[in-house]
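The values are calculated or read from the model by the stated rules, or taken from the named source; none is laboratory data. Because the structure is predicted, anything quoted here is derived from the model rather than measured. Cβ atoms come from the backbone with ideal geometry, glycine included; neighbour counts cover every protein chain shown. To get the accessible areas, we keep the full protein, side chains included, count just its heavy atoms, and leave off ligands, DNA and RNA. Shrake-Rupley method; radii C 1.70, N 1.55, O 1.52, S 1.80 Å.
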Amino acid sequence: MKRSFIAGSGLMCALGNHVADCVNALFANTVAPTRYTNDTLDMPIDMPWYGIQSGRNLDDPCRFYTLLNQTVSEALQQAALDDNAQKNMGIFIGSSSFEVGPSELLYQQNLLTEGPDHAMPMPLESLGNIAKQLGDTFQISGPDFVYGTACSASSNALLGAQRLIKTGVIEHALVIGVELHNLTTLSGFNSLQLVANDAVKPFSKDRSGLILGEACAAVVLSAEGAQSKTNTEHASHLYIAGGASHCDTNNITGTNTDGVAIAKVISEAIRNANLAVDNISTIKAHATASYANDTAEANGLHALFKTMPPVFAMKPFVGHTLGACGIVELVLLDACLKQKRIPATPNAQPSDAALNINVVDNELRVDKNAHFLMNCFGFGGNNTVFVASHE
Amino acid sequence: MNKTIYIQQTGSVYFDAVEEGATSKQPDLKDALHQLYGQNFRRIDRYTQLALLGAGKCINGKSLNSKTSLYLATAKGPGENNIAMQQSLIKDKHVPKPIQFINAVSNSVCYYIMKAHALQGQGLLVSRRNHAFEAALTLAINDIRLDICQSALLGMVDEITHPLSHQRARMGLTAHEPLGEGSHWFLLSSNSQGAIGSIVGNERHSNLEQLIDYLKSDGVITKLLNKGSTNVLFDNKINLATRQTIIQALGSDIALHQQSEQLWDGISAGAIGSFLNADREHTRFINISKVHEKSFQTTLVSRCRSDRNQSN
């Protein structure tokens, strides 16, 4: 049974276009959401949004693939696997929107050239296209797996990779979370009226909802002992100890606010990692800052932890990156741990006394032998939690 | 560690595509769903109806262990729902309806199946450009072996989308190539009691030489080829010359599987289901898929001696 270590990572999000830029911006806490507007729809959009400043126009159909390839390239370069190891690695992708962005742009072009009666909607339909494209670009011919489980998608992709490494089916895995600009997601969340108007305020009494963010993140997971010997500069001491995924069928839009289902999946994740509740040193909360999600998460944590470890959140820095958030927040955690510190979580004060979650408001120093609980909860009752351990 | 994985039950629904302009239409599934579940499902799309129908037939009223995980394999998810939503948004400038949006992004199909059958394990929607079923099968087998779940409800769902000319164009098919829609399900576990079949192997091979070596290996010959007549399915991306090479390597009592269903994405799931339920001539089944430019995947299924006469 082999452990899975992070051998390389790549990230593009509102914080920057490389992992190093992102972690610097994270600690500086200088990035704020911009306004995203669209007045062509029957319900105009005007909301804050954490977009990537890539220099590429949002209307460019190649933007999606350029950003994805750049992120994967960063992760693969850091991992420095030999050709054979890279060729045989598995590809695991989590997303809620997949190629919907490029598909919308192609359809828009087709409407102009072919007319509304002949243009074909959803010209890019297969969910698995992204993995095929990455395999061709980076000459990876190992097995590929694409996960569509809403906001827990890339966390489930990570667990799938960790488990196939554990049983020796594969030795290396490229795990990706991708959620890039598309009108479907932005207009859909706008119509659900779940979006805050100013800032993400996790577990705060002033919280008013989530803010969407786009991101593309990748990690290379390698079986213990199989990491490249040349990869010393980027070597990580973080491994995926275990995790669990459950479906809470209480409600299609989210988990039960009583927290019972959340406590259950956290408990199983900790057990799967061969740890006890007391071993968890820090909690990276899902913390969307929506009323129901924060309530459910707080109740779930209180049901399990008699003494609550420090709780922090990443969404006030990058927004809610939906299906990508599991890997986005893991890459940020890994980068923080290399600096042996975790930033204070902004906007969490004044805290909501009813939730009683004291989010860290000072920078945390981190030692070795720490176990981080990483929570992700999504639409459709998709609850996924994994434990990332730092040795 | 290498537990044998058994197929406890199967369930299938399949419909040929009804061409536009024909007097009949694609069958309505609401009555069949009500008959099976004794309830009406409100605000679900046809894709979810197909999935519920197939999964319900597979479960067939059996009470499942709550530690059953769901693996729904799909090439494109809820196609009609997503197409309608994009058409309305981009062409007509209408924002998505909340339920339409949630159905598109939330893996709601797994939610409905798990709710209907009181399952609490993981509910994963798994895809791959080609052979999503084999991808989900790999994950299900691995999770059972790791005791992540005690049993796995595994299905492959293909939905017809309209107009058919667009569906053929998206799939790279020529005009008038036959299409179908189906929902093929399997209940897997490590428990042999009452099983109708077993997964003898589910392996990926980097190239044809590795595939041939595998098929000629002692393990495969002992477990499979020496034990009875074997039915073989090649996916349609494997050319004739390669098929001949593989058939020569098998060198045993084999017959090519005659696939009656017009499925493209879910062809292997449909074939394994029909092998277990309808084919009484052969005792073994090999599915051979081309998953990459050079790579292949084989799925080896054996009928259990204690075969029950189940045909859903």
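For B:Leu139, the conditions (1) facing chain A (nearest Cβ under 7 Å); (2) without any contact (Cβ under 8 Å) to a residue 60 or more places away in the chain are fulfilled apart from (2).
Every residue, every condition in (1) of a type in the set (S, T, N, Q); (2) assigned to a helix (DSSP H, G or I); (3) more than 7 Å from every other protein chain (Cβ to nearest Cβ), yes or no:
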{"site": "B:Gly54", "(1), (2), (3)": "no, yes, yes"}
{"site": "B:Ser66", "(1), (2), (3)": "yes, no, yes"}
{"site": "B:Ile83", "(1), (2), (3)": "no, yes, no"}
{"site": "B:Gln100", "(1), (2), (3)": "yes, yes, yes"}
{"site": "B:Tyr112", "(1), (2), (3)": "no, yes, yes"}
{"site": "B:Asn130", "(1), (2), (3)": "yes, no, yes"}
{"site": "B:Ile160", "(1), (2), (3)": "no, no, yes"}
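Could you check, for segment B:70-81, whether at least one of its residues is open to solvent by 10 Å² or more (accessible area, probe 1.4 Å), in the same structural domain as B:Phe41 (by TED's automatic domain parsing), part of a helix (DSSP H, G or I) and within 30 Å of A:Ile45 (Cα to Cα)? Looking for residues that are open to solvent by 10 Å² or more (accessible area, probe 1.4 Å), in the same structural domain as B:Phe41 (by TED's automatic domain parsing), part of a helix (DSSP H, G or I) and within 30 Å of A:Ile45 (Cα to Cα), one finds at least one in segment B:70-81, hence yes. For the condition touching a residue at least 60 places away in the same chain (Cβ under 8 Å) and not assigned by TED's automatic domain parsing to the domain that holds A:Pro33, A:Gly300 does not qualify.
Listed by position, the strands (runs of 3 or more DSSP E) enclosed by segment A:276-391 that each have at least 1 residues that are within 14 Å of another protein chain (Cβ to nearest Cβ) and under 23 Å from A:Tyr239 (Cα atoms) are A:370-378, A:382-390. The residues of segment B:238-263 that are of a type in the set (Gly, Ala, Ser) and either within 14 Å of chain A (Cβ to nearest Cβ) or surrounded by 14 or more Cβ atoms within 10 Å (Cβ to Cβ) (or both), listed by number, are B:Ala249, B:Ser252. Is it true that B:Lys91 is surrounded by fewer than 24 Cβ atoms within 10 Å (Cβ to Cβ) and facing chain A (nearest Cβ under 7 Å)? So B:Lys91 fits the description; yes. When A:Val146, A:Val175 are checked against the criterion of being assigned by TED's automatic domain parsing to the domain that holds A:Asp83, under 22 Å from B:Ser108 (Cα atoms) and in a strand (DSSP E or B), a single residue qualifies: A:Val146. Exactly one residue out of A:Ala14, A:Ala25 is crowded, with 19+ Cβ neighbours inside 10 Å and either within 30 Å of A:Ala241 (Cβ to Cβ) or at pLDDT below 95 (or both), and it is A:Ala14. Please specify each residue of segment A:150-171 satisfying the condition of being under 10 Å from A:Phe92 (Cα atoms) and either surrounded by fewer than 24 Cβ atoms within 10 Å (Cβ to Cβ) or facing chain B (nearest Cβ under 7 Å) (or both). Within segment A:150-171, A:Asn156, A:Gly160 meet the criteria. B:Asp31 is checked against (1) in contact with a helix residue (DSSP H, G or I) (Cβ under 9 Å, 6 or more places away or on another chain); (2) at negative phi; (3) not polar (S, T, N, Q) and fails just one. What number does that condition carry? Failed condition: (1). Answer yes or no as to whether B:Ser295 is within 14 Å of chain A (Cβ to nearest Cβ) and under 23 Å from B:Gly54 (Cβ atoms). Criteria not met by B:Ser295. Against the conditions (1) part of a helix (DSSP H, G or I); (2) under 23 Å from the mean Cα position of the chain (by Cα), B:Glu181 satisfies every one except (1).
If you check B:His94 against the conditions, is it farther than 25 Å from B:Arg128 by Cβ and assigned to a helix (DSSP H, G or I)? No; evaluated as a whole, the condition is false for this residue. Identify, please: which residue in segment B:264-295 is over 19 Å from B:Ile246 (Cα atoms) and acidic (Asp, Glu) and is, among those, surrounded by the most Cβ atoms within 10 Å (Cβ to Cβ)? Ranking the candidates gives B:Asp265 first. Scan segment A:210-266 for residues that are over 30 Å from B:Ile113 (Cβ atoms) and assigned to a loop (DSSP other than H, G, I, E, B) and the total you get is 16.
Given the options A:Asn299, A:Asn293, name the one that is touching a strand residue (DSSP E or B) at 6+ places or on another chain (Cβ under 8 Å) and open to solvent by 10 Å² or more (accessible area, probe 1.4 Å).
Just one listed residue meets the conditions, A:Asn293.
Filtering segment A:228-239 for residues that are among the acidic types (Asp, Glu) and either in contact with a Ser or Thr (Cβ under 7 Å, 6 or more places away or on another chain) or crowded, with 19+ Cβ neighbours inside 10 Å (or both) leaves an empty set.
Scanning segment A:100-149 for residues that are open to solvent by 20 Å² or more (accessible area, probe 1.4 Å), more than 7 Å from chain B (Cβ to nearest Cβ) and among the hydrophobic types (A, V, I, L, M, F, W, C) yields A:Val100, A:Leu105, A:Leu106, A:Leu112, A:Leu124, A:Phe138. With respect to the conditions (1) farther than 23 Å from B:Ala269 by Cβ; (2) open to solvent by 20 Å² or more (accessible area, probe 1.4 Å); (3) not small (Gly, Ala, Ser), B:Asp45 lacks only one, and its number is (1).
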